[in-house]
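What follows is one structure encoded as structure tokens, with my remarks underneath.
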């Protein structure tokens, strides 16, 4: 029969192991949740071209112009449309100093020309610093992935995209987009009546079927319909993305019978619309555009929770806030955790945002404490 002291020792050891395992799991969960936080600062499959007196000069010119154009695309990706005017006020920017790496997907040259498709990796910290220096708000946290189904409408019948419409979507930089998209083919079970249900907001006839077929609560159908007589391309996006239900339609003029060019423009605009919707939601969750343009500062918190399940959820919500960087769990106990991060506007800015998320953040003896409001 074991003594009382030995039982106490065993109990303490088990508790210590449990807390240690909890801490290890927490660190792993934080790393997994963080994923690739700077993935939105990559521009993939970007076309460049230039002509010069020789191939070497053409390549140099193409890369210089290409990285400037790629940075411009990146800034428009992460900056809300309402703040594009501030981008123009920034003036000329040396894009080269913000490039962390360039990789070549394909290239071709002649004696005087250079063509290539490049992947650009920009310095996330450098670009953030540039925007904050000029007071430009930005959203760099990717939305949860949405499934996008390209389709064609022909005489009112919904058909698989195939051909140009599908290939154009495949050529876009969907994985690095602020709203990452996974393309999926149209399933035979989806017909025009599903589109009608989506258009009418009929959950049973529309979104419920779409979500079931693709195994995702976030799925949209991007249908393209060509009106040859009117020389118009009509594109509709219906379903639900990361920002919520969507039923959006726009028409594009088809010039000289070039429907392919109209489709390219339509796909780019559609991706921009999805990103814009996410930026609106993310900005609201972060306290508005003015809060996002504040300088970063370090914040250290004591997070109080009732148990492991509460902590896992709270940790994910805190680390996933737009604007949070360098999120780190320093220590975890059974009922509290010591965490640190950087955030625009520091502790005051974070407190305002957390208040909208159902948290109470208060200062206690020079230390910030966060707990969920009940």
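The values are calculated or read from the model by the stated rules, or taken from the named source; none is laboratory data. As the structure is a prediction and not an experimental result, all values here were calculated from the model. Cβ: placed from backbone, ideal geometry, glycine included. Neighbour counts: every protein chain shown.
Residue 82: within 19 Å of residue 291 (Cα to Cα), surrounded by 13 or more Cβ atoms within 10 Å (Cβ to Cβ) and touching a helix residue (DSSP H, G or I) at 6+ places or on another chain (Cβ under 8 Å), yes or no? Please lay out each step first, then the result.
On the way: within 19 Å of residue 291 (Cα to Cα): yes; surrounded by 13 or more Cβ atoms within 10 Å (Cβ to Cβ): yes; touching a helix residue (DSSP H, G or I) at 6+ places or on another chain (Cβ under 8 Å): yes.
Criteria met by residue 82.
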In the stretch 160-185, residues that are within 22 Å of residue 207 (Cβ to Cβ) and exposed (fewer than 14 other Cβ atoms within 10 Å of the Cβ) total 1
Can residue 73 be described as outside any loop (DSSP other than H, G, I, E, B), under 18 Å from the mean Cα position of the chain (by Cα) and surrounded by fewer than 20 Cβ atoms within 10 Å (Cβ to Cβ)? yes
Which residues, counting only those in the stretch 199-227, are assigned to a loop (DSSP other than H, G, I, E, B) and either free of Cβ contacts under 8 Å to residues at least 24 places away in the same chain or farther than 20 Å from residue 160 by Cα (or both)? 201, 202, 203, 204, 205, 215, 217
Could you check, for the stretch 294-307, whether at least one of its residues is at pLDDT 80 or above and either out of contact with any strand residue (DSSP E or B) (no Cβ under 9 Å at 6 or more places or on another chain) or part of a helix (DSSP H, G or I) (or both)? yes
Closer than 14 Å to residue 74 by Cα, touching a strand residue (DSSP E or B) at 6+ places or on another chain (Cβ under 7 Å) and buried (at least 17 other Cβ atoms within 10 Å of the Cβ): does that describe residue 140? no
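May I ask you to say which residue of 151, 155 is modelled with pLDDT under 90 and either within 21 Å of residue 213 (Cα to Cα) or in the same structural domain as residue 235 (by TED's automatic domain parsing) (or both)?
Numbers: 151 fails: modelled with pLDDT under 90.
So the residue among 151, 155 that is modelled with pLDDT under 90 and either within 21 Å of residue 213 (Cα to Cα) or in the same structural domain as residue 235 (by TED's automatic domain parsing) (or both) is 155.
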Among the residues in the stretch 235-243, are any part of a strand (DSSP E or B), within 16 Å of the chain's Cα centre (by Cα) and in contact (Cβ under 8 Å) with a residue 12 or more places away in the chain? yes
Please tell me if residue 274 is in contact with a strand residue (DSSP E or B) (Cβ under 6 Å, 6 or more places away or on another chain), in contact (Cβ under 8 Å) with a residue 60 or more places away in the chain and either outside the structural domain of residue 322 (by TED's automatic domain parsing) or not in a strand (DSSP E or B) (or both). yes
Consider residue 261 carefully, then state whether it is over 28 Å from residue 203 (Cβ atoms), in the same structural domain as residue 154 (by TED's automatic domain parsing) and part of a loop (DSSP other than H, G, I, E, B). no
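When residues of the stretch 289-300 are filtered for being surrounded by fewer than 17 Cβ atoms within 10 Å (Cβ to Cβ) and touching a helix residue (DSSP H, G or I) at 6+ places or on another chain (Cβ under 9 Å), how many remain?
Of all residues in the stretch 289-300, those surrounded by fewer than 17 Cβ atoms within 10 Å (Cβ to Cβ) come to 290, 295, 297-298, 300.
From what's left, touching a helix residue (DSSP H, G or I) at 6+ places or on another chain (Cβ under 9 Å): 295, 297-298, 300.
Qualifying residue count, the stretch 289-300: 4.
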Complete set of residues in the stretch 325-358 that are within 16 Å of residue 284 (Cα to Cα), surrounded by 15 or more Cβ atoms within 10 Å (Cβ to Cβ) and free of Cβ contacts under 8 Å to residues at least 60 places away in the same chain: 343, 345, 350, 351, 354
